[in-house]
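The values are calculated or read from the model by the stated rules, or taken from the named source; none is laboratory data. Just so we're clear, the structure is a prediction, and the values are computed from it rather than from any experiment. Here Cβ is always computed from backbone atoms with ideal geometry, including for glycine, and neighbour counts include all displayed protein chains. Accessible surface areas use protein heavy atoms only, side chains included; no ligands, DNA or RNA. Shrake-Rupley method; radii C 1.70, N 1.55, O 1.52, S 1.80 Å.
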Amino acid sequence: MSGKSHVSWQPSDQEISLMSDFLTYLKMHHGLSFDNYEQLHTWSTIDNTDFWNLFAKYSDVNFTTVPKATLISANHIMDDEWFPGSTLNFAYHLLKRRDDETAIIFKEENGNRLDMSYQELYASVSKLSGFLKKSGIKKGDVIGAVMTNRPETIVAMLATSSIGAIWTSCSPDFGIEGIIDRIGQVEPKILFAVDGYQYGGKYFDLTENILSLNKKIKSLNQIILVQENPLKEINAIPEIINFKDCLLNDHDLEFESLPFNHPLFIMYSSGTTGKPKCIIHGAGGTLLQHLKEHRLHTNIKKNDRIFFFTTCGWMMWNWLVSALASEATIILYEGSPFFPDPNHLWRIAEEEEINIFGVSPRYLSALMKEKHKPKNHNDLSSIKTILSTGSPLLIDHFEYIEKNIKSNTQISSISGGTDIISCFALGNPNLPVYRGEIQSKGLGMAVKIFNDSGEEAAIGSKGELVCTQSFPSMPIGFFNDLNNKKYKNSYFKKYNNVWAQGDYASFTDHGGLIIFGRSDATLNSGGIRIGTGEIYRQLEKFPNILESVVIDEEDNQDSFVSLFIILRENKQLTEELIKKIKEEILLKDPDVKGFNIGANIGESAGAGIKDHIHFHVVPRWVGDTNFMPVFGHTKVMVDGLFETYDKLKPEFDKRK
């Protein structure tokens, strides 16, 4: 993208950002001066030990034992040790504030609202921590959760980490097998669970799921239940206790002093085969990265109100909760973003005077297809930043936000992942926003783009997003991974001693980034690499296409692309629509070759879309079928698409 790209937002001279405050701190206290962000970033990677050490001091990280050094380098960056010899406690930093100001605002789709002050949060964590200790929980034990996005979940996580136990969570909509494939692997001693939840106006009873988990996860000693339906007698089972009963006794909260890399979270990342990877993240690295990203890159200040639409099964929940360490107010929402109508989240933004509002491109695409204009229904003057992650934020999304949500607002597309529980590239309050671009590389992150030869790519050239140095929030390992074999194969197989994130990207001449999609999903049609985002970008223009996935295939050594789409209810995949799709893609992306479209019909529920919709597999051959694949409502399962296609292919072969 050239320097003529449209500027969507410029920083104001009237507000001093925390990034500017950090620059002043470096100049006044350490004699360091930088003319621009590129110079600051270069210093933060070349002198990365100085950067991380000084930022830890700037952000008042409370080391109960001071580090012997900032970094001990190893032969492989996977084995580098950050802040060796130091101790701290993650929960302490999120509970350092203990006044009557609001820490958490909780909203449900049915209109229920609850708020919790910092003092109330601290008191609840104190009581629950005491209960867990009396139940025999100690540092290193695993505590699991199958919880909705509610205050009790945060209380449970903070009580767990105050002791030094390890927190891991799944969203209830993962289903029994999905939960067991994740939490079952790490053998939790206690499971926090909710007995039901409401989504899209419907109530989902989880009683049988909880009873099943109690039987199937053999390591469990106890289930602590948050009851949505107090009339049920599920807590009459000896192993199940009501969450409220754990808060009956006062307890003096003690924060266990733990090594910098003591395990804090276990996160899950699905591969193409086998059970999900269980990624272990350390307390110190998670804290330090989140403080940097919140304060310097997102400009979260004391008493700011931040919202991100997420479940407890996505790393953005962990990222959101860490904003308590910046003394902000976090807004939790549980339910469908489209119930009772598409304006629901924006009403909440107005009512709660949210300053930083986070959603996914998928949500924005759904609003675009609904032709909804939040600015016509709400006063959104409190919003200063709109965050987006989960997939690439396209130029059309930027334009939609500017025209229909709020103009002159910082649009911060951020990119990282569960693998690092943080970001490689994200917003910057001191830089302009260009449509279609992520503003900047993260400080302390040696992010580069490599070409197919493993060399640094030129500006504007597409390639693999990599990180050439270690950073504090790298995983400390995978659960039950002997000699870190899975860990190394996941990120260091492609390049020796260089982290490969798996994103297909390019730098712009503004110093920003464009993410085109997953590099492992990059298509290779006719020998030309095509980022999936380049196709999705054009499909966004079709209002009747709600979801889409493209795959790369070969037939007699001839490669071609197949498209799977979800259409609105009662809409048909006609020859005319197929022609228009091809024409749009070929018009905008002339390198796309061999694009094939066909259809079969089956039912599914779409992520965050309230309409009843139909799932159309779109392979090379056109025809209907009796196969009816069903996918989870949180995301399209690509593996399932391949499985469905494999089943259908013989049938379509007959009709060639």
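Among residues of segment 9-21 being farther than 17 Å from residue 294 by Cβ and touching a residue at least 24 places away in the same chain (Cβ under 8 Å), the one that is most open to solvent (accessible area, probe 1.4 Å) is 10.
Right, residue 114: surrounded by 18 or more Cβ atoms within 10 Å (Cβ to Cβ), on the phi < 0 side of the Ramachandran plot and either modelled with pLDDT under 95 or in contact with a helix residue (DSSP H, G or I) (Cβ under 8 Å, 6 or more places away or on another chain) (or both) or not?
no
Note on segment 376-391: residues that are crowded, with 22+ Cβ neighbours inside 10 Å, part of a loop (DSSP other than H, G, I, E, B) and hydroxyl-bearing (Ser, Thr, Tyr) total 1.
This table checks each residue for (1) modelled with pLDDT of 95 or more; (2) in contact with a Pro (Cβ under 9 Å, 6 or more places away or on another chain).
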residue: 471; (1), (2): yes, no
residue: 474; (1), (2): yes, no
residue: 477; (1), (2): yes, yes
residue: 498; (1), (2): yes, no
residue: 501; (1), (2): no, no
residue: 531; (1), (2): no, yes
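State which residue pairs qualify: first residue farther than 21 Å from residue 149 by Cβ and open to solvent by less than 40 Å² (accessible area, probe 1.4 Å) and inside segment 95-111, second residue hydroxyl-bearing (Ser, Thr, Tyr) and outside any strand (DSSP E or B) in any location, beta carbons under 7 Å apart, and separation of 6 or more residues or different chains. That search, which allows pairs on different chains as well, returns 97/118.
Among the residues of segment 508-516, some residue qualifies, meaning at least one is touching a helix residue (DSSP H, G or I) at 6+ places or on another chain (Cβ under 8 Å), closer than 20 Å to residue 46 by Cα, open to solvent by 20 Å² or more (accessible area, probe 1.4 Å) and in contact (Cβ under 8 Å) with a residue 60 or more places away in the chain.
Restricting attention to segment 455-471, the residues that are of a type in the set (A, V, I, L, M, F, W, C), closer than 22 Å to residue 82 by Cβ and assigned to a loop (DSSP other than H, G, I, E, B) total 1.
In segment 22-53, the qualifying residues are those that are hydroxyl-bearing (Ser, Thr, Tyr) and surrounded by fewer than 18 Cβ atoms within 10 Å (Cβ to Cβ), and the one that is farthest from residue 293 (Cα to Cα) is 33. Here residue 70 qualifies as more than 26 Å from the chain's Cα centre (by Cα) and surrounded by 14 or more Cβ atoms within 10 Å (Cβ to Cβ).
One residue stands out in segment 224-278 among those that are among the acidic types (Asp, Glu) and in a loop (DSSP other than H, G, I, E, B): the one that is modelled with the lowest pLDDT, namely 233. Scanning segment 407-444 for residues that are over 14 Å from residue 512 (Cα atoms) and not in a strand (DSSP E or B) yields a total of 8. Scanning segment 173-184 for residues that are surrounded by fewer than 24 Cβ atoms within 10 Å (Cβ to Cβ) and not hydrophobic (A, V, I, L, M, F, W, C), we see that the one that is nearest to the chain's Cα centre (by Cα) is 173.
If you go through segment 247-258, how many residues are buried (at least 18 other Cβ atoms within 10 Å of the Cβ) and either of a type in the set (D, E, K, R) or over 21 Å from residue 153 (Cα atoms) (or both)?
The first filter runs over segment 247-258 and keeps only residues buried (at least 18 other Cβ atoms within 10 Å of the Cβ), leaving 247, 251, 253, 255-256, 258.
In the following step, the residues that additionally are either of a type in the set (D, E, K, R) or over 21 Å from residue 153 (Cα atoms) (or both) were identified as 256, 258.
The number of residues fulfilling the criteria is 2.
Residue check: is residue 505 without any contact (Cβ under 8 Å) to a residue 40 or more places away in the chain and either on the phi > 0 side of the Ramachandran plot or hydrophobic (A, V, I, L, M, F, W, C) (or both)? Considered against the rule, which asks whether it is without any contact (Cβ under 8 Å) to a residue 40 or more places away in the chain and either on the phi > 0 side of the Ramachandran plot or hydrophobic (A, V, I, L, M, F, W, C) (or both), residue 505 comes out as no. When segment 73-86 is limited to residues that are open to solvent by 60 Å² or more (accessible area, probe 1.4 Å) and closer than 18 Å to residue 259 by Cα, the one that is farthest from the chain's Cα centre (by Cα) turns out to be 73.
Determine whether segment 474-491 contains at least one residue that is open to solvent by less than 20 Å² (accessible area, probe 1.4 Å), touching a Leu at 6+ places or on another chain (Cβ under 8 Å) and more than 30 Å from residue 10 (Cβ to Cβ). There is no residue in segment 474-491 that is open to solvent by less than 20 Å² (accessible area, probe 1.4 Å), touching a Leu at 6+ places or on another chain (Cβ under 8 Å) and more than 30 Å from residue 10 (Cβ to Cβ). When segment 177-216 is filtered for residues that are closer than 20 Å to residue 275 by Cα and either among the hydroxyl-bearing types (Ser, Thr, Tyr) or modelled with pLDDT under 90 (or both), the ones remaining, listed by number, are 177, 178, 212. Residue 62 meets the conditions (1) out of contact with any Ser or Thr (no Cβ under 6 Å at 6 or more places or on another chain); (2) under 28 Å from residue 425 (Cβ atoms) in every case but one. The failed one is (2).
Is it the case, given these coordinates, that residue 291 is buried (at least 20 other Cβ atoms within 10 Å of the Cβ), under 30 Å from residue 353 (Cβ atoms) and of a type outside the set (Phe, Trp, Tyr)? It is true that residue 291 is buried (at least 20 other Cβ atoms within 10 Å of the Cβ), under 30 Å from residue 353 (Cβ atoms) and of a type outside the set (Phe, Trp, Tyr). Taken residue by residue, segment 393-406 has at least one member that is open to solvent by 20 Å² or more (accessible area, probe 1.4 Å), at pLDDT 95 or above, in contact with a strand residue (DSSP E or B) (Cβ under 9 Å, 6 or more places away or on another chain) and assigned to a loop (DSSP other than H, G, I, E, B).
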